[in-house]
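Q: A single structure is presented below for examination.
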Amino acid sequence: MSESQLRQDLVRYARSMYQRGYSSGGAGNISLKLPDGNVLATPTNSSFGDLDPDTLSKVTMTGELLAGEKASKEILMHLAIYRQRPQCGGIVHLHSPWLTALSCLPGLDNENALPPITPYQVMRVGKLPVVRYLPPGSPVIAEEVEKLAAEHNSKLLANHGPIISGKDIREAVFNAEELEETARLYFMLKPFGMNSQEEKRMPEIVVYAVEGRSAEQKKTLMVKITEAVVESFGVERDRVVVSIVETKASEKSRGGVLYCERGK
Ligand SMILES: O=C(O)[C@@H](O)C(=O)COP(=O)(O)O
């Protein structure tokens, strides 16, 4: 894709996010990797709603301004991520309402601020580690983000907002949207509790059997299966589900012969 098309793309995605409330005023910044190896970024104090493709900041990988207006004060944080994630072609930092609210909550799990709620979140976002609070634009934020970037696609800056990348600008925007929607779901569900994907991944064993075993026999089987799963998979006993599904001998067959007729 040409530089001119990429400039248009950045402006279009930024406007779309602005119109849907992902960014307000001069909050947030976006960047993308250009085919010549340099980086195109939103200028500092610009609004996602009215960017001009011709005045976007073009900087080298060391942050030197090549063209356009002065780059975002967070440009070092973007460059740190590009360094650590060579596969990454686009980055979005937002002050979107749900994620910013999340970033201000006390007692966050610093290794992962959001439980795995939906499979799409797990697929697009992965874990969301928290970066301790530092003033916006601080070069130390860039250093802290850089430590996490190789392993994590998304990061949550405490009392500030998310930063997330993708293989290109389109994917970075999609990932940012998924993350914001997940935070919204999190706050919606929090009062009720939620089944996390971790729990769903726990093993469930289903035993199909012909009717006729006593309750005691079935209980013994379930206990033994649970023990085997705990031992083999190393999971907590409480998370192993075993179900016995019984069928009448007149409703089950093998080789076309009903169980109730076998042995006659
Ligand atoms: O919180 C901040 O000031 C920055 O993180 C931000 O979102 C906007 O900064 P600029 O990109 O320099 O406008």
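Q: Which of the residues spanning segment 95-114 are part of a loop (DSSP other than H, G, I, E, B) and open to solvent by 40 Å² or more (accessible area, probe 1.4 Å)? Lay out the reasoning, then the answer.
A: The first filter runs over segment 95-114 and keeps only residues part of a loop (DSSP other than H, G, I, E, B), leaving 95-96, 104-114.
Of everything in segment 95-114, those that are part of a loop (DSSP other than H, G, I, E, B) and open to solvent by 40 Å² or more (accessible area, probe 1.4 Å) turn out to be H95, C104, L105, P106, G107, D109, N110, E111.
Q: Looking at (1) out of contact with any Ser or Thr (no Cβ under 8 Å at 6 or more places or on another chain); (2) in contact (Cβ under 8 Å) with a residue 12 or more places away in the chain; (3) more than 15 Å from the ligand (Cβ to nearest atom); (4) over 22 Å from K167 (Cα atoms), which is the only condition C104 fails?
A: It is condition (3) that C104 fails.
Q: For S165, work out the one condition from (1) modelled with pLDDT of 95 or more; (2) not in a strand (DSSP E or B) it doesn't fulfil.
A: Condition (2) is where S165 drops out.
Q: With V92, V125, V140 as the choices, which residue is within 16 Å of the ligand (Cβ to nearest atom), crowded, with 20+ Cβ neighbours inside 10 Å and of a type in the set (A, V, I, L, M)? Walk me through it before giving the result.
A: Working: V125 fails: within 16 Å of the ligand (Cβ to nearest atom); V140 fails: crowded, with 20+ Cβ neighbours inside 10 Å.
Testing whether each residue is within 16 Å of the ligand (Cβ to nearest atom), crowded, with 20+ Cβ neighbours inside 10 Å and of a type in the set (A, V, I, L, M) leaves just V92.
Q: When you scan segment 21-33, do you find a residue that is at pLDDT 95 or above and touching a Pro at 6+ places or on another chain (Cβ under 8 Å), even just one?
A: yes
Q: Which residues, counting only those in segment 180-195, are more than 16 Å from the ligand (Cβ to nearest atom) and either at pLDDT 95 or above or part of a helix (DSSP H, G or I) (or both)? Reasoning before the result, please.
A: Pass one, segment 180-195, residues more than 16 Å from the ligand (Cβ to nearest atom): 181-195.
Result: E181, T182, A183, R184, L185, Y186, F187, M188, L189.
Q: Select from segment 120-151 the residues that are among the basic types (K, R) and in a loop (DSSP other than H, G, I, E, B) and list them in ascending order.
A: Step one: filter segment 120-151 for residues among the basic types (K, R), giving 124, 127, 132, 147.
Within segment 120-151, K127, R132 qualify.
Q: While we're here: Just to be sure, is I117 surrounded by 15 or more Cβ atoms within 10 Å (Cβ to Cβ) and within 16 Å of the ligand (Cβ to nearest atom)?
A: On the way: surrounded by 15 or more Cβ atoms within 10 Å (Cβ to Cβ): yes; within 16 Å of the ligand (Cβ to nearest atom): no.
No.
Q: Limited to segment 128-179, what total is found for residues that are closer than 22 Å to P43 by Cβ, of a type outside the set (D, E, K, R) and out of contact with any helix residue (DSSP H, G or I) (no Cβ under 7 Å at 6 or more places or on another chain)?
A: 6
Q: Out of the residues in segment 93-107 meeting the condition of being of a type in the set (A, V, I, L, M) and over 15 Å from S24 (Cβ atoms), tell me which one is farthest from the chain's Cα centre (by Cα). Step through it out loud before you land on a result.
A: Initial filter on segment 93-107 (of a type in the set (A, V, I, L, M)): 94, 99, 101-102, 105.
Narrowing the set further to residues that are over 15 Å from S24 (Cβ atoms) leaves 102, 105.
Details: L102: 14, L105: 18 Å.
In this case the residue turns out to be L105.
Q: Here is a further query. What is the one condition in (1) under 16 Å from S2 (Cβ atoms); (2) assigned to a strand (DSSP E or B); (3) open to solvent by 10 Å² or more (accessible area, probe 1.4 Å) that L66 does not satisfy?
A: Single failed check for L66: (1).
Q: Would you mind telling me which numbered condition in (1) part of a loop (DSSP other than H, G, I, E, B); (2) within 30 Å of M77 (Cβ to Cβ) E171 fails?
A: Going through the list (1) part of a loop (DSSP other than H, G, I, E, B); (2) within 30 Å of M77 (Cβ to Cβ), E171 breaks only (1).
Q: Something else: Looking only at segment 216-259, which residues are of a type in the set (D, E), farther than 14 Å from P203 by Cα and not in a helix (DSSP H, G or I)? Talk me through it step by step, then tell me what you get.
A: So the first thing to find is which residues in segment 216-259 are of a type in the set (D, E), and the list is 216, 227, 231, 236, 238, 246, 251.
Filter once more, so that each one left must be farther than 14 Å from P203 by Cα: 216, 246, 251.
Answer for segment 216-259, where residues must be of a type in the set (D, E), farther than 14 Å from P203 by Cα and not in a helix (DSSP H, G or I): just E246.
Q: Just checking, which of E151, E144 is acidic (D, E) and free of Cβ contacts under 8 Å to residues at least 12 places away in the same chain?
A: Numbers: E144 fails: free of Cβ contacts under 8 Å to residues at least 12 places away in the same chain.
After ruling out the rest, the residue left standing is E151.
Q: Being out of contact with any Lys or Arg (no Cβ under 7 Å at 6 or more places or on another chain), at pLDDT below 95 and hydroxyl-bearing (S, T, Y) is the requirement here; does T118 meet it?
A: Numbers: out of contact with any Lys or Arg (no Cβ under 7 Å at 6 or more places or on another chain): yes; at pLDDT below 95: yes; hydroxyl-bearing (S, T, Y): yes.
Yes; evaluated as a whole, the condition is true for this residue.
Q: Can you find, within segment 19-63, the residue that is surrounded by the fewest Cβ atoms within 10 Å (Cβ to Cβ) among those that are outside any loop (DSSP other than H, G, I, E, B) and within 13 Å of the ligand (Cβ to nearest atom)? Can you show your working first?
A: Looking only at segment 19-63, we keep the residues that are outside any loop (DSSP other than H, G, I, E, B), and these are 19, 29-33, 39-41, 43, 53-55, 57-59.
Imposing the further condition that a residue be within 13 Å of the ligand (Cβ to nearest atom) reduces the set to 29-31, 41, 43, 57, 59.
Numbers: N29: 27, I30: 28, S31: 31, A41: 27, P43: 19, S57: 22, V59: 23.
Checked segment 19-63; the qualifying residue surrounded by the fewest Cβ atoms within 10 Å (Cβ to Cβ) is P43.
The values are calculated or read from the model by the stated rules, or taken from the named source; none is laboratory data. The model shown is predicted, which means the values in this text are computed figures rather than measured ones. All Cβ positions, even for glycine, are placed from backbone atoms using ideal geometry, and neighbour counts span all protein chains on display. Remember, those area values only see protein heavy atoms, side chains included, never the ligands or the DNA or RNA. Shrake-Rupley method; radii C 1.70, N 1.55, O 1.52, S 1.80 Å.
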